[in-house]
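Here's the structure we're looking at; comments come further down.
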Amino acid sequence: MKLLLAAVLLLAANAHAATLTLDIQGLSKKSGHVLIAVHTNAASFNDKGKPVAVRSVEVTDSKLTVTIPDLAPGDYAVSLFHDANDNNKLDTNIIGIPKEGYGFSNNVGARGKPRFDEAKFTLGADGTTLTLVVF
Amino acid sequence: MDRRTLLQGVGAALLAGCASGPRPAAAPSAAPDWALGWRSVTTDVLAPVEARVDGRFPDALHGTLYRNGPGRLERAGQRVRHWFDGDGMVQAFRVSPSGVTHHGRFVSTFKFQNEERLGRYALGTAELPARGNDAYNTANTSVLMVGGELLALWEAGSAYRMDPETLETRGTKDWSPELTGVPFSAHPLPERDGSYWNFGLAPYAGEHGLMLLYRFSADGRMLQSAHLPMPFSGYAHAFAQTERHLVVVLAPLVWDRERDVTWFDAEAWQPALGTTVLVVDKADLTRVVRRELPAGFVFHFGHAWEDGDRLRAYACWYEDSHFMHLSVDQDIRGRGKGLPPARLAQLEIPLGAGEGRITRSPHGAEFPVVDPRVPGRRGSAHFVTLESEDTARPHSGVIARIDVERGGVRRFDYGPGVIAEEHLFVPSGPREGQGWLLGTSLDCVRGHTRLAAFDAEHLEDGPVALATLPRALPLGFHGTFLKG
Ligand SMILES: [Fe+2]
């Protein structure tokens, strides 16, 4: 019975699951972690809600690839920053300009935080690969 | 220029007690190549060369004049959008008893390094992602000696530190973790105790922008800083000080991130807002009084002082922000396109209620320099580059001393085909404005840059010494003189 339930859940997951692959480039320091959040709505994107997925990946090179499986196909936005000194926050100066690398899906945000709509992309049923350049 | 004529001129001037100094020879026949002023230097370094010196540079001027300006304005057939976007190059003119030498070097900014490597402008593309203000930093506006280092100043980000001997770049000036990569204007003002005030504008931060205020020591430590909300995200390039106040004149040139409008876009000019003056109490940087002036635009200030219930400040006053919206081609064409120059004007700013007033002088003037021995007090002498009344000349080769209190104007004309740059004042005697004037000019006919020294009380006598470089340098903005 227990085994059957597990099989059913697995089937259900497979029916909806798509994999998001992120090719992250332009990491300027080979230290710390990249902290990644995947959002389904603007509230989450603006730190007022819970992301649908988060990842923390150690940085050992100027680029890395992250796969985030089991997402339902649909619209998302990704935000990330490179916590090079592992203090769990994006360090900024006094006027709020980041001192560590950051990035968004669609590579928007070169001159400030974009809106959810600007960073939004569609994850297809067969999965999607995005190239993200870290500012 | 005929060397013999010049030398004879110098001798005669010295013998005759400076009745007439060396002047450039008769009007040149060839048409000036004004584009020389905006021509890119395509090497990283301009190796030291000897200048030809006529006359004698006074002992007080033995030292180094450092100047900064955009040295590179195009790459791979692409030109910068605005003159202010060129990569900063620092020029050093060393004056010694044995002669005058010049060398120059680009400030090795993040932008310069990477675009040199790529061979084209690429900032902000996937090829060269840009983070924070310093990614765009060209360090191209002025220079200041602080803590034994030469700072190459910009206004929207950090100063870059340079070796004053070799002009090699050491990195950004990071005052503290919080004050890393923050806007820091190219026009710090010296306080009487030897420290400096400065400001910076971040129009994209906070609700309507943030104004940063700084006080730093001559040895390079941040003593005090503050950040205050701006009333609107207007523009200021430099500021003024009186004994008790810092005076920031915010032009109604409005940065609008939502509409993607920066200060360089013509639609940013909103004269209906009027020009706003922020008067900051030096004793408490959070105490700010806001006053109104008619709409206008200022880059640079002269003397400013307290006058009872009001402040008065001299400034080079433009009626609008057109200078921010010119292309390099328009800069090269110069005047004669119906764009009036800034006029030396007195701003009257009531500390109590009421609107401020502008009193314009008839003098078209820029690059004002005053005697640094009277900071924040009433002074008379303003050394400027003067727009000549001759509208047939698209660029001015005239410098002047305008005594605003006594009303006198003394001038020297380098002649047609020459563009005069900022001239710095070096004190030598006790009177305000007693000393030497030291500055550069670009001869667009003969194709060389010159360094000249004048008796600051007798500009009309012409230079007491003139050094002619075997090269033409692109025009720069501001400099600093270091004795020794
Ligand atoms: Fe300036």
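Observations on the structure shown:
- Within the accessible area of the protein assembly as shown (1.4 Å probe), percent carbon and sulfur: 52
- For B:Val464, distant residues with modelled amide H under 5 Å away: B:Ala453, B:Phe454, B:Asp455
- Computed FRET value (nearest 0.05) for A:Ala17 with B:Glu127, which takes r as the C-beta separation and R₀ as 51 Å: 0.90
- Sequence-separation-based contact order of chain B, relative, with Cα cut under 8 Å and 6+ spacing, percent: 15
- Near-label residues of segment B:294-318 by backbone N, under 19 Å of a point 7 Å along Cα→Cβ of B:His208: B:294-298
- Label point of B:Glu355 set 7 angstrom out along Cα-Cβ; within segment B:273-316, amide nitrogens under 19 Å from it belong to B:273-279, B:290-298, B:310-313.
- Residues in the protein assembly as shown average 41 Å² of solvent-accessible surface per residue, probe 1.4 Å, ligands and nucleic acids excluded.
- Test item: Cα-centred dipole of chain B, Lys/Arg +1 and Asp/Glu -1 on Cβ, debye: 680
- Under 5 Å between amide hydrogens, built in the peptide plane, is the criterion, and for B:Val261 it picks out B:Asp256 among residues at least 5 positions away or on other chains.
- Probe 1.4 Å, all protein chains present, accessible-area order of B:Lys173, A:Lys48, A:Lys30, largest first: A:Lys48, A:Lys30, B:Lys173
- Each of B:Arg378 and B:Arg79 was given a label point 7 Å from its Cα along the Cα-to-Cβ line. The distance between the two points is 4.7 nm.
- Taking a straight line from the alpha carbon of B:Lys483, these lysines sit under 28 Å away, with near neighbours fewer than eight places off in the same chain left out: B:Lys173.
- The slack in the chain from B:Asp403 to B:Arg120, taken as 0.36 nm per residue of separation less the alpha-carbon distance, amounts to 97.2 nm.
- Shielding value for A:111-118 is 2, the average number of Cβ atoms from other chains within 10 Å of each residue's Cβ.
- Computing FRET efficiency as 1/(1 + (r/R0)^6) for A:Thr65 and B:Asp256, where r is the C-beta to C-beta distance and R0 is 56 Å, gives about 0.90.
- Relative packing of peptides B:305-314, B:146-155 - highest average C-beta neighbours within 10 Å first: B:146-155, B:305-314
- Per residue of peptide B:187-197, the mean number of Cβ atoms on other chains within 10 Å of the residue Cβ is 0.
- Given +1 at the Cβ of Lys and Arg, -1 at the Cβ of Asp and Glu and no other charges, the dipole of the protein assembly as shown around its Cα centre is 420 debye to the nearest 20.
- Computed from the C-beta positions of B:Val45 and B:Asp390 and an R0 of 35 Å, the FRET efficiency is 0.40 to the nearest 0.05.
- Total accessible area lost when A and B pair, probe 1.4 Å, Å² to nearest 100: 1600
- Dipole magnitude for segment B:403-484: computed about the Cα centre from +1 point charges on Lys and Arg Cβ and -1 point charges on Asp and Glu Cβ, it is near 300 debye.
- Computed accessible area, B:Thr468, all protein chains, 1.4 angstrom probe, square angstrom: 10
- Distance between modelled label sites at A:His33 and A:Lys89, nm, 7 Å Cα→Cβ extension: 1.7
- Residue-wise HN-Hα coupling along segment B:272-285, computed from phi with Karplus coefficients 6.51, -1.76, 1.60 (Hz; x: Gly, Pro): 4, 6, x, 8, 10, 10, 9, 9, 9, 6, 4, 7, 8, 5
- Taking segment A:18-133 and dividing mean pair separation by its residue count, relative contact order in percent (alpha carbons under 8 Å, at least six apart): 37
- Think of the protein assembly as shown as having a plus end and a minus end, set by charges on the Cβ of Lys, Arg, Asp and Glu; of B:Phe106, B:Gly439, B:Thr468, B:Thr468 sits farthest toward the positive end of this dipole.
- Partner chain coverage, peptide A:125-133 - average Cβ within 10 angstrom: 1
- Applying 0.36 nm per residue to the separation of B:Glu165 and B:Glu306 and subtracting their alpha-carbon distance, the gain on full extension is 46.8 nm.
- Peptide packing: for B:85-95, B:55-65, the average count of neighbouring Cβ atoms within 10 Å per residue gives the ranking B:85-95, B:55-65, highest mean first.
- Each peptide in B:178-188, B:400-410 receives the mean, over its residues, of other Cβ atoms within 10 Å, and ordering these scores from highest gives B:178-188, B:400-410.
The values are calculated or read from the model by the stated rules, or taken from the named source; none is laboratory data. Quick caveat: nothing in here was measured; it's all calculated off a predicted structure. Virtual Cβ from ideal backbone geometry, glycine too; neighbours counted across all protein chains shown. Heavy atoms of the whole protein, side chains included, go into the accessibility calculation; ligands, DNA and RNA do not. Shrake-Rupley method; radii C 1.70, N 1.55, O 1.52, S 1.80 Å.
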